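In what follows, a single structure is set out as structure tokens and then discussed.
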Amino acid sequence: MSKKTAKDLAAVIKTLSPLMHAYEFESAEFILRTALVDWPKDPDLNAYYGLVLAYNQKEAEALIHLQRGVGSKHFTQLGRILVNHFHCRQLMAIKTGQPDPEGFQLLETAQLLLGEHPSDVGVALSACLIVKNEEAVLEKCLASIKDLVDEIIVVDTGSTDATIEIAKKFGAKIGRFEWCNDFAAARNAALEMATGRWSLLIDADESLPVEYHDAVRKGLIRPHYAGFNVPIVNFMAEVGEAEQYVHAPTRVFQIKPGVVFTGRIHEQVAPSLLQLGLPLATLNDVRIFHDGYRPSIMAEKDKLNRALALLETEVRENPNDSFQWFNLANAFAIGGRMAEAEHACRTSIRTLQDDEPHGKTTYQILIETLELDGRFDEALDVAAEAKARDLGTLATEYSIASILMKMGRYEGALAASDLTMSMEWPTSQQGDYSVFTYKRFVLRGQILALVKRFEEALDVLKIALQVNPDCGPAKYTIASIYEQQKDLDKALTAFQSLKSEAGLQTLSLQGAARCSLALGKADQAMEFHEQAWRCEPSNLDAWVSWVKSAEEAGDSRLVLAAFESFVKDREPTVEILVNWGRALEASGDFEKA
């Protein structure tokens with residue numbers, strides 16, 4: 001093996017410099033580990049490795065490399081990071097009343113090596129909220145953070161309920177802001193009132209449970225970061241917590257000159273934070289929970305229409321803003337305005353840079369929009385494009401499996417489903433987290449049922465029900481499997497349990513009718529068919545099934561009642577008139593026939 005030279009070392013350091021500048025610490029660490037085997041005493045390599053360790057929150061280990069990095073041009077940078085971190089660690093120990101003798105010793109060692117005192121850093125945290133008529137939720141929010149933060153800033157934009165009284169109960173500093181259809185302006189007004197070194201951005205309909213407080217504190221003792229992204233768990237169903245949409249915006253960040261929010265809606269602070277020359281990271285062990293997307297709350301506050309109005313203004317003023325086009329697409333999709341969602345998605349993608357974090361979700365919205373419209377081939381083409389741009393996710397493969405199943409391409413659907421079962425959900429990923437927790441199991445069960453692999457299907461469907469015991473599609477598929485296995489009593493019970501399930505009533509009642517008929521319960525079958533049609537009067541197939549079951553039971557009275565019910569509120573077709581006439585004739589009512 002040839003001996004490494006100074007020229008080789010210079011080449012390694014030249015490679016490392018842009019990686020460190022771009023905060024690509026994982027790639028830098030791989031190179032440094034190898035290089036330090038060849039040049040274990042080189043000051044520059046040690047200082048670089050110390051920086052990597054510090055940004056991986058291994059500051060005590062980084063101190064060893066500070067000692068070996070004396071003479072490096074990066075020595076002072078690493079030394080200041082460590083001194084400031086260990087100083088903040090001591091401040092936190094005092095604040096929480098938990099002595100930290102090890103941290104104190106590390107601080108002394110770092111100060112002795114650097115020859116400098118800590119910079120102007122701290123751990124005080126200001127919670128900043130903007131509110132309007134939040135009396136129903138504010139107390140829960142403030143109670144969840146009162147033991148974590150040093151002050152609570154509440155900027156009111158025009159409440160007429162008890163919001164301010166609740167805020168005062170928690171000792172909040174109250175500000176007033178005249179609403180001007182600009183969330184960033186209101187956020188900045190709250191930020192200007194804060195006196196802490198760090199800000200926690202939280203909304204009134206969110207909570208940050210106490211079990212996550214220590215993980216937040218671990219962020220506050222690291223001023224070598226500009227701020228931290230925090231996973232937000234949005235509960236999307238009216239009740240329960242199984243339906244989750246997750247994203248991780250910047251919610252904990254340093255308060256410094258020039259740090260401001262921008263954007264009248266879906267306002268962002270990250271762009272200004274990056275101007276500080278410090279990286280952002282994610283607090284993977286923290287969760288903020290959000291109830292504000294539950295359907296009744298969205299409807300009550302007219303959130304969707306307000307958001308659409310602001311977003312449409314944003315994209316008119318900034319037509320090349322891919323992020324706001326994405327937000328507009330998402331809002332249209334939530335509102336069921338699919339043609340407009342498709343247009344907004346395609347516009348966002350047209351101006352999308354590959355490193356923009358919303359790209360994956362934009363593609364996913366477009367795929368789902370096309371799938372809902374039955375444009376399966378186009379949806380698969382968009383999924384292929386997303387994967388080609390390295391913007392595919394678990395949700396992409398889930399959609400591919402779903403689309404192929406609907407197209408009857410079961411082998412391909414199973415292959416895509418296999419892939420979803422092997423994939424993880426990265427903390428930084430945005431989207432429908434329920435796909436990871438249970439929906440992929442439901443879809444796999446549905447595909448397996450279609451190819452008659454019933455026992456395997458039941459196994460995965462039961463896994464889904466452990467996560468979401470109220471999952472209607474899983475229960476319906478299980479009922480259908482029981483029916484195909486001729487276990488009719490179990491199938492009938494399962495179908496009956498779903499007769500009030502939104503979106504599944506008609507299908508479930510029809511299933512119950514089939515099972516009843518097979519069990520020789522003709523009258524019960526007829527009742528289920530009638531209920532099925534009354535649940536969905538526009539469903540002609542359901543009405544036909546009701547008529548046929550009445551005819552098979554030989555009950556001319558109910559046959560006629562079915563025809564009379566049908567024409568009561570709708571115009572009969574020629575075919576229905578002919579059949580109605582035949583039924584009247586069979587009953588002896590020749591004149592009416």
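The values are calculated or read from the model by the stated rules, or taken from the named source; none is laboratory data. As the structure is a computational prediction, the values presented were derived from the model and not from experiment. Positions of Cβ are generated from backbone atoms using ideal geometry, with glycine treated the same way; all protein chains shown enter the neighbour counts. SASA here: full protein model, heavy atoms, side chains in, ligands and nucleic acids out. Shrake-Rupley method; radii C 1.70, N 1.55, O 1.52, S 1.80 Å.
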Report summary line: Residues of region 35-76 being in contact with an Asp or Glu (Cβ under 6 Å, 6 or more places away or on another chain) and of a type in the set (G, A, S), in sequence order, are S72
**Report entry** Flag for L276 being assigned to a loop (DSSP other than H, G, I, E, B), in contact with a Gly (Cβ under 9 Å, 6 or more places away or on another chain) and modelled with pLDDT under 95
**Finding:** yes
Query - Criterion (at pLDDT below 95 and out of contact with any strand residue (DSSP E or B) (no Cβ under 8 Å at 6 or more places or on another chain)) met by exactly one of A479, A525, A464 - result: A525
Query raised in the report: In this structure, does I166 turn out to be farther than 26 Å from T313 by Cβ, of a type outside the set (S, T, N, Q), touching a Cys at 6+ places or on another chain (Cβ under 9 Å) and surrounded by 21 or more Cβ atoms within 10 Å (Cβ to Cβ)?
Result: no
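Within region 104-123, track down each residue that is aliphatic (A, V, I, L, M) and more than 17 Å from Q67 (Cα to Cα).
Within region 104-123, the subset aliphatic (A, V, I, L, M) is 106-107, 110, 112-114, 121, 123.
V121, V123, listed by residue number.
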Query - Residues that are open to solvent by less than 10 Å² (accessible area, probe 1.4 Å) and without any contact (Cβ under 8 Å) to a residue 24 or more places away in the chain, drawn from region 46-81 - result: L53, A62
Requested in this report: Filter region 407-434 down to the residues that are acidic (D, E) and closer than 30 Å to K452 by Cβ, then identify the one that is surrounded by the fewest Cβ atoms within 10 Å (Cβ to Cβ).
Outcome: E411
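Working only within region 222-238, note down all residues that are more than 24 Å from Y55 (Cβ to Cβ) and of a type outside the set (F, W, Y). Give the steps one after another, and end with the answer.
Going through region 222-238, the residues more than 24 Å from Y55 (Cβ to Cβ) turn out to be 233-238.
If the condition is that a residue be more than 24 Å from Y55 (Cβ to Cβ) and of a type outside the set (F, W, Y), then V233, N234, M236, A237, E238 are the ones that fit.
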Requested in this report: Could you give me the residue pairs with C-beta distances under 7 Å whose first residue belongs to region 167-182 and is without any contact (Cβ under 8 Å) to a residue 60 or more places away in the chain, whose second residue is part of a loop (DSSP other than H, G, I, E, B) wherever it lies, and which are 6+ apart or on separate chains?
Outcome: F170/K146; F177/T157; W179/T157; W179/G158
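Quick test for you: out of G158, G171, pick the one residue that is touching a Phe, Trp or Tyr at 6+ places or on another chain (Cβ under 7 Å), assigned to a loop (DSSP other than H, G, I, E, B) and modelled with pLDDT of 95 or more.
Details: G171 fails: touching a Phe, Trp or Tyr at 6+ places or on another chain (Cβ under 7 Å).
Being touching a Phe, Trp or Tyr at 6+ places or on another chain (Cβ under 7 Å), assigned to a loop (DSSP other than H, G, I, E, B) and modelled with pLDDT of 95 or more holds for just one of G158, G171, which is G158.
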Requested in this report: May I ask you to say which residue of A143, A190 is aliphatic (A, V, I, L, M), surrounded by fewer than 16 Cβ atoms within 10 Å (Cβ to Cβ) and more than 30 Å from K439 (Cβ to Cβ)?
Outcome: A143
**Report entry** Scope region 502-546; condition surrounded by fewer than 23 Cβ atoms within 10 Å (Cβ to Cβ) and farther than 26 Å from R557 by Cβ; matching residues
**Finding:** A502, G503, L504, L507
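Test of understanding: among K486, K499, which residue is at positive phi and either in a helix (DSSP H, G or I) or open to solvent by 60 Å² or more (accessible area, probe 1.4 Å) (or both)?
Details: K499 fails: at positive phi.
Step by step, each of K486, K499 is checked, and only K486 is at positive phi and either in a helix (DSSP H, G or I) or open to solvent by 60 Å² or more (accessible area, probe 1.4 Å) (or both).
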Query raised in the report: Which of the residues that make up region 210-241 are part of a loop (DSSP other than H, G, I, E, B), open to solvent by 30 Å² or more (accessible area, probe 1.4 Å) and not small (G, A, S)?
Result: M236, E238, V239, E241
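Collect the residues in region 480-508 that are among the hydrophobic types (A, V, I, L, M, F, W, C) and farther than 25 Å from G412 by Cα, keeping them in residue-number order.
First, the residues of region 480-508 that are among the hydrophobic types (A, V, I, L, M, F, W, C): 481, 488, 491-492, 494-495, 498, 502, 504, 507.
Hits for region 480-508 are L488, A491, L492, A494, F495, L498, A502, L504, L507.
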Query - Flag for D555 being free of Cβ contacts under 8 Å to residues at least 40 places away in the same chain, under 18 Å from F528 (Cα atoms) and of a type in the set (D, E, K, R) - result: yes
**Report entry** Unique match (being in a helix (DSSP H, G or I) and more than 23 Å from E134 (Cβ to Cβ)) among I297, I349
**Finding:** I349
Report summary line: Scanning region 2-54 residue by residue, the ones that are more than 16 Å from H65 (Cα to Cα), part of a helix (DSSP H, G or I) and not hydrophobic (A, V, I, L, M, F, W, C) total 9
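Give the residue, chosen from L577, L488, L509, that is in contact with a Cys (Cβ under 7 Å, 6 or more places away or on another chain) and either over 30 Å from E238 (Cα atoms) or of a type in the set (D, E, K, R) (or both). Full working, then the answer.
Details: L577 fails: in contact with a Cys (Cβ under 7 Å, 6 or more places away or on another chain); L509 fails: either over 30 Å from E238 (Cα atoms) or of a type in the set (D, E, K, R) (or both).
One residue alone meets the criteria, L488.
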Report task. Starting from region 242-262, keep only residues that are open to solvent by less than 20 Å² (accessible area, probe 1.4 Å) and part of a loop (DSSP other than H, G, I, E, B), then list their pairs with residues that are of a type in the set (S, T, Y) and at pLDDT 95 or above whose Cβ atoms are within a distance under 8 Å, requiring at least 6 positions of separation or different chains. Result -> V259/S272; F261/S272
Query raised in the report: Any idea which residue in region 384-406 is surrounded by the most Cβ atoms within 10 Å (Cβ to Cβ), counting only those that are aliphatic (A, V, I, L, M) and under 14 Å from G431 (Cβ atoms)?
Result: A395
Query raised in the report: Residue check: is N84 in contact (Cβ under 8 Å) with a residue 40 or more places away in the chain and either assigned to a helix (DSSP H, G or I) or open to solvent by 20 Å² or more (accessible area, probe 1.4 Å) (or both)?
Result: yes
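In region 352-373, which residues are of a type outside the set (A, V, I, L, M, F, W, C), free of Cβ contacts under 8 Å to residues at least 60 places away in the same chain and in a helix (DSSP H, G or I)? Can you show your working first?
Initially, region 352-373 is screened for residues of a type outside the set (A, V, I, L, M, F, W, C), giving 353-364, 368-369, 371, 373.
Then drop every residue that is not free of Cβ contacts under 8 Å to residues at least 60 places away in the same chain, which leaves 353-356, 359, 362-363, 368-369, 371, 373.
Of everything in region 352-373, those that are of a type outside the set (A, V, I, L, M, F, W, C), free of Cβ contacts under 8 Å to residues at least 60 places away in the same chain and in a helix (DSSP H, G or I) turn out to be G359, T362, Y363, E368, T369, E371.
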Query raised in the report: Among the residues of region 87-141, which ones are small (G, A, S) and part of a loop (DSSP other than H, G, I, E, B)?
Result: G97, G115, S119, G122, A124, A136
Query - Only one of E211, E238 that is modelled with pLDDT under 95, under 30 Å from W425 (Cα atoms) and within 23 Å of the chain's Cα centre (by Cα) - result: E238
Report summary line: Output for Cβ contacts, cut-off 9 Å, separation at least six or different chains, first residue outside any helix (DSSP H, G or I) in region 313-333, second small (G, A, S) and at pLDDT 95 or above, reads D321/S348
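Any chance you could count how many residues in region 547-578 are open to solvent by less than 50 Å² (accessible area, probe 1.4 Å) and among the charged types (D, E, K, R)? Walk me through it before giving the result.
If we filter region 547-578 for residues that are open to solvent by less than 50 Å² (accessible area, probe 1.4 Å), which is where we start, we get 547, 549-550, 553, 555, 558-563, 565-567, 572, 576.
Narrowing further to those that are among the charged types (D, E, K, R): 555.
Number satisfying all stated conditions: 1.
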